[in-house]
Amino acid sequence: MKEALKESQIYELIDTAIEQLNYSYTPYSNFKVGAALLAKNGTVYTGCNIENAAYTPTNCAERTAFFKAVSEGVKTFDAICVVGGLNGELVEYAPPCGVCRQVMMEFCDSEEFQIILATGKDDYTVYKLKDILPLGFGPGNLN
Ligand code: THU
């Protein structure tokens, strides 16, 4: 994406990410995360975190959204909105974990892919992947 996201698109992604908190499965941490991933074709893929009694199989909201998209053949993306907080209360930003940043690195242009962190429509910040994952290792490094 060369041009910046429109504010209306950002608002839609924030609303959609917040909606996903309803589906977050977090019996162990109670930390609920929702994501809304905008593909280049305009489709928004949703995600929530899904925990597990064995702990390590837990899947983050961001990766849920990416894997849903990729499993449907969609592999190019413009932006993701991520929201989260203990008991689903949005008091501060919920930045993507290192594993999720690495998954973004696999499918996204780090100079263009945008990560929207928000606590609501009145409080959000847009980051580039390269800012939150500097010197990232991606598919291009294997050439
Ligand atoms: N979590 C996410 O969903 N995304 C992140 O990037 C950070 C962490 C989830 C995993 C776990 O269910 C809970 O937040 C607490 O770590």
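The values are calculated or read from the model by the stated rules, or taken from the named source; none is laboratory data. Quick caveat, the model's predicted, so the values are computed rather than measured. So basically every Cβ, Gly included, is an ideal-geometry build from the backbone, and we count neighbours across all protein chains shown. Note: areas computed on protein heavy atoms with side chains; ligands, DNA, RNA excluded. Shrake-Rupley method; radii C 1.70, N 1.55, O 1.52, S 1.80 Å.
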Q) Leaving out ligands, DNA and RNA, what percent of the accessible area of the chain is carbon and sulfur, probe 1.4 Å? A) 53 percent
Q) Residues of the range 1-52: accessible area per residue at 1.4 Å, in Å²? A) 53 Å²
Q: Taking DSSP loops as anything outside H, G, I, E and B, show the longest stretch in the chain free of chymotrypsin sites (Phe, Trp or Tyr not before Pro) there with at most 14 other beta carbons within 10 Å.
A: 56-136
**Q.** Karplus 3J(HN,Hα) series, Hz, for the range 63-78 with 6.51 cos²θ - 1.76 cosθ + 1.60 (x for Gly, Pro)
**A.** 5, 4, 5, 4, 6, 4, 5, 5, 5, 9, x, 9, 9, 10, 9, 9
Q) When the label point is put 7 Å from the Cα of Asn87 along its Cα-to-beta-carbon vector, which residues of the range 13-28 have a backbone N closer than 14 Å? A) none
Q. For the range 1-94, what proportion of DSSP beta bridges, expressed in % and rounded to the nearest 5, is antiparallel?
A. 95 percent
Q: Provide the percentage of antiparallel DSSP beta bridges, counting only those with both residues in the range 58-143; round to the nearest 5.
A: 60 percent
Q: Could you work out the longest stretch of the chain that avoids the GluC sites (Glu not before Pro) located in DSSP loops with at most 14 other Cβ atoms within 10 Å?
A: 4-71
Q: Please identify, among Gly98, Gly84, Gly73, the residue showing maximal mean-square fluctuation in a Gaussian network model of the chain using a 10 angstrom Cα cutoff.
A: Gly73
**Q.** Sum of side-chain charges, Thr46 neighbourhood, beta-carbon under 15 Å (Lys, Arg +1; Asp, Glu -1)
**A.** -2
(Q) On a full-extension model of 0.36 nm per residue, what is the gain between Asp131 and Thr76, subtracting their alpha-carbon distance, rounded to one decimal in nm? (A) 17.9 nm
Q. When the chain is fully extended, how far beyond the present Cα-Cα distance does Ser29 get from Cys97, taking 0.36 nm per residue of separation?
A. 23.0 nm
**Q.** Residue among Gly85, Gly34, Gly47 with the largest mean-square fluctuation in a Gaussian network model of the chain, springs linking Cα atoms under 10 Å
**A.** Gly85
**Q.** Inter-centroid distance (Cα atoms) of the range 13-38 relative to the range 116-143, Å
**A.** 18 Å
Q | Relative contact order (%) - the range 43-143, alpha-carbon pairs under 8 angstrom, separation at least six | A | 21 percent
